[in-house]
Structures are given as structure tokens and as C-alpha cells.
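The values are calculated or read from the model by the stated rules, or taken from the named source; none is laboratory data. What you see is a predicted model, and the numbers here were worked out from it, not measured in a lab. Glycine also receives a Cβ, built like all others from the backbone with ideal geometry; neighbour counts cover every protein chain displayed. With ligands, DNA and RNA removed, areas are computed over all heavy atoms of the protein, side chains included. Shrake-Rupley method; radii C 1.70, N 1.55, O 1.52, S 1.80 Å.
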Amino acid sequence: MSRYERQTRFQPFGETGQAQLEQTKIMVLGAGALGSHIIDQLARMGAHHLAIVDMDIVELSNLHRQTLYDEQDAQLMTSKVEALKQKVHTINQQVHLKTYYQELLSTNIEDIIKDFHPDIILDGMDHFKIRYLINEVCHKLNIPWIYGAAVGSKGTVYGIDFTGPCLKCLLQQIPQTGESCAINGVLPPIVSIVASYEVAEAIRYISGYGFSQQLITLDAFNIQHQSLNIRQLKDDQCPVCHFQKYDVLNDKQNHTIEPLCGDTVRFRLPAHSFDYASDFPGHMIKSTPFAKLIQHKDLAFTLFKDGRMNVHGITEETDVHALYHQLLKAIK
């Protein structure tokens, strides 16, 4: 029995679909809950040309919902993309997984995508603004993509090839609800289901059937599923897919201070900060090739290789701008 015989026996996919899957270049943006499940399925199915983009390290709190990672990855603070590359190699040695250990920004997303030249992109991100960026760059570069989201017990999937509504058509404004798994939590079953639907839409497309053209909404706790044909919602005046206005992509501002969930802010420091982390105030708790942990009074710093720093323990009394400049001065 060949490795993929059970899936090629499904006639709508078959040997032709398998051959197409092996040749298609697939990029997954985000290596968290959705992204890790997507990469796992695609590698096992025999997608030989994969790319993964992510900026994060493995933490213990990831393991309940993010597949392939283990406690050793968390202990070593391994980057998610490197951990995935190691695991995929043990699953299917025919798969080449190209990794990008980078934060996706308007300033680099186009270069990253052009470097790999994907035929299709799958969404494994965890907040809305980045998806508007993906929507714009995919339209600009004429690349189909699959939107997927999972928060709480609910999920949404939609394949976008720009013949129907794009994300901007459906949601004119970026939602400001702040809903995310960090705030609202997430149940592992909805992650698995959404990732599976994303892969299913990708398989349809790769096999020549196109996307389902359905907006799929799911609730894994209340056991609900709904599919809605939304072709009629395409906006003939859409700034993105009609007028080719890429406002998010063209916003090249460097946001050096960004509030995150709860008591955390993100600083974007120069990349060389990683090599001079010992110059920062506080004491080094842990250091790996991917991240460094620093304790400074009541604040905990997680410093990444590209100069990003997540600062935990922020209160109303914390002057984040003064702290940022204090850190910047320490490495100059």
C-alpha cells in the first residue's frame, strides 16, 4: 500500500489531486494553534513545498491547543517555526518546510511572500488587523488565501479568490472588540475543526474544484454549524478588490510601542538589542538562541532575536514611553 493510498482512493481527490498537492507551494502565516494544525495535516498528506511565518517561541501555555510542540520545546524556548521544522522532518522527510522567524508587518509581508512565491496562503493568525493586511497583499499579488479564525468555542472559515467578496467587502472596518484567545480563551476542538476546514478548502482549490464559496461558521461547544453562500455580498465599490487601494499595506509607520492583551506591551527595539541584552536593567533569568527572559523590578521582559520585547506587568502607573527610552538608551 502506498503512503497516500487511503486519501487518493477518495475519487474527487485521487491521484491527480495528490500530484497537484505535492507540487503546490503553500504558505501558512502563523505557527500558533491554527498554523501548527494546518502544517501537521498538510505534511502528513504529502504537501512537499510548505512555508511557515511566525515570530513567537513555544511556551507551556501553548501546548493545550497547539499541536506538534512539546514540553521540551517550551523549556528550551524554541522558536515555533524551528520546532515545526524539526517535527515535520520526523513525520515526512519528503516535505521541505521553509521557515521565516519574523514578525509580519506591512514593511516586510510583500518581500516574504515574493521570496517563496506561494500558490496559495492559509491564515493561522490571531487578530483582525493582520488579516486585512493579508487580504490586501494577496489581492495585489493575485494569490488566493483562506481566512480562518477560532476564539472561545466559535470559528469561521472562508476561502477568498477575489471572484467573490474579499475580507474588506464583508467587514468594512477592522473590528475593535479586542476579542482574542488571550482574552476570551479558546477550546482546542474548535481549533482542530477550523484548521481542518482550512485544509479542506485548500485541497478543493488545489484539486481544481475551487473554493466552496461558503462562509462557514462553527460552534464546537454548542455543536452548531452554518454555511452561507455570500457571493451576493461582493461590494462593487470595495476599496481593495475594486479600486486596488491598499491602505493597511501602504501604512509603513514603525510602531515602536504597541499595547497587547492585559498588562502587556510590545516594544520594537533595534535588532542588535538581542546581542546586548546584558546591558538592559534587571537580571537575566534565562537565555536561549531564540529569546531571553529578563526580570526588572515588577516587570518581566521577553526579548526576541529581532529586537521585539514583550513587557509584562504593566500598570496604570507605568510610564511606558519613559521605559522604552530607558531601554533604548541602555544599548546605545
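For region 198-249, give me each residue that is touching a His at 6+ places or on another chain (Cβ under 9 Å), under 25 Å from Ser153 (Cα atoms) and buried (at least 17 other Cβ atoms within 10 Å of the Cβ). Within region 198-249, Glu198, Val199, Ile216, Leu218 meet the criteria. Taken as a whole, the structure places Leu105 among residues that are modelled with pLDDT under 95 and of a type outside the set (S, T, N, Q).
So Gly124 passes all but one of these: (1) open to solvent by 40 Å² or more (accessible area, probe 1.4 Å); (2) in contact (Cβ under 8 Å) with a residue 12 or more places away in the chain. Which condition number does it fail? Condition (1) is where Gly124 drops out. Only one of the listed residues (Leu21, Leu50) is open to solvent by less than 20 Å² (accessible area, probe 1.4 Å), under 25 Å from Gly210 (Cβ atoms) and within 20 Å of the chain's Cα centre (by Cα). That residue is Leu50. Considered as a group, the residues in region 262-278 that are within 19 Å of Leu105 (Cα to Cα) and of a type in the set (A, V, I, L, M, F, W, C) include one that is most open to solvent (accessible area, probe 1.4 Å), and that residue is Ala271. Hey, among the residues in region 133-175 that are of a type in the set (Ser, Thr, Tyr) and closer than 25 Å to Thr24 by Cβ, which one's nearest to the chain's Cα centre (by Cα)? The qualifying residue nearest to the chain's Cα centre (by Cα) is Tyr147.
Among the residues that make up region 245-255, is at least one of them in contact with a helix residue (DSSP H, G or I) (Cβ under 8 Å, 6 or more places away or on another chain) and farther than 18 Å from Leu104 by Cβ? Among the residues of region 245-255, not one is in contact with a helix residue (DSSP H, G or I) (Cβ under 8 Å, 6 or more places away or on another chain) and farther than 18 Å from Leu104 by Cβ, which makes the answer no.
Of these, Lys245, Lys234, Lys252, which one is of a type outside the set (Phe, Trp, Tyr) and at pLDDT 95 or above?
Numbers: Lys234 fails: at pLDDT 95 or above; Lys252 fails: at pLDDT 95 or above.
The match here is Lys245.
Is there a residue being free of Cβ contacts under 8 Å to residues at least 60 places away in the same chain, in contact with an Asp or Glu (Cβ under 7 Å, 6 or more places away or on another chain), of a type in the set (Val, Ile, Thr) and in a helix (DSSP H, G or I) anywhere in region 31-41? Within region 31-41, none of the residues are free of Cβ contacts under 8 Å to residues at least 60 places away in the same chain, in contact with an Asp or Glu (Cβ under 7 Å, 6 or more places away or on another chain), of a type in the set (Val, Ile, Thr) and in a helix (DSSP H, G or I).
If you go through region 1-18 and keep only what is open to solvent by less than 40 Å² (accessible area, probe 1.4 Å) and either part of a helix (DSSP H, G or I) or without any contact (Cβ under 8 Å) to a residue 60 or more places away in the chain (or both), you end up with Tyr4, Thr8, Gly14, Gly17, Gln18. Within region 53-85, the residues that satisfy the criterion of being within 17 Å of the chain's Cα centre (by Cα), hydrophobic (A, V, I, L, M, F, W, C) and outside any helix (DSSP H, G or I) are Val53, Met55, Ile57, Val58, Leu63, Leu68. Pairs are defined by a Cβ separation below 7 Å, a sequence spacing of at least 6 or placement on different chains, a first member in region 79-98 that is at pLDDT 95 or above and of a type in the set (S, T, N, Q), and a second member that is open to solvent by 60 Å² or more (accessible area, probe 1.4 Å) and not in a loop (DSSP other than H, G, I, E, B); the pairs so defined are Asn92/Arg44. Total residues in region 127-146 satisfying the condition of being open to solvent by 20 Å² or more (accessible area, probe 1.4 Å) and either modelled with pLDDT under 95 or not basic (Lys, Arg) (or both): the figure is 6.
In region 211-251, of all residues being out of contact with any Ser or Thr (no Cβ under 9 Å at 6 or more places or on another chain) and aliphatic (A, V, I, L, M), the one that is farthest from Pro12 (Cα to Cα) corresponds to Val240.
If we keep just the residues of region 86-100 that are surrounded by fewer than 20 Cβ atoms within 10 Å (Cβ to Cβ) and under 17 Å from the mean Cα position of the chain (by Cα), which is nearest to Gly46 (Cα to Cα)? Please lay out each step first, then the result.
Residues of region 86-100 surrounded by fewer than 20 Cβ atoms within 10 Å (Cβ to Cβ): 86-87, 89-94, 96, 98-99.
Checking which are under 17 Å from the mean Cα position of the chain (by Cα) leaves us with 98-99.
Values: Lys98: 15, Thr99: 18 Å.
Restricting to residues being surrounded by fewer than 20 Cβ atoms within 10 Å (Cβ to Cβ) and under 17 Å from the mean Cα position of the chain (by Cα), the top hit is Lys98.
Test of understanding: among Pro289, Pro281, which residue is out of contact with any strand residue (DSSP E or B) (no Cβ under 7 Å at 6 or more places or on another chain) and either surrounded by fewer than 17 Cβ atoms within 10 Å (Cβ to Cβ) or at pLDDT 95 or above (or both)? Explain how you work it out, then say what you get.
Details: Pro281 fails: out of contact with any strand residue (DSSP E or B) (no Cβ under 7 Å at 6 or more places or on another chain).
Answer to the selection: Pro289.
Looking at region 110-132 only, could you name the residues that are under 12 Å from the mean Cα position of the chain (by Cα) and either of a type in the set (A, V, I, L, M) or under 30 Å from Tyr4 (Cα atoms) (or both)? Listed by number, the residues that qualify are Ile121, Leu122, Asp123, Gly124, Met125, Ile130.
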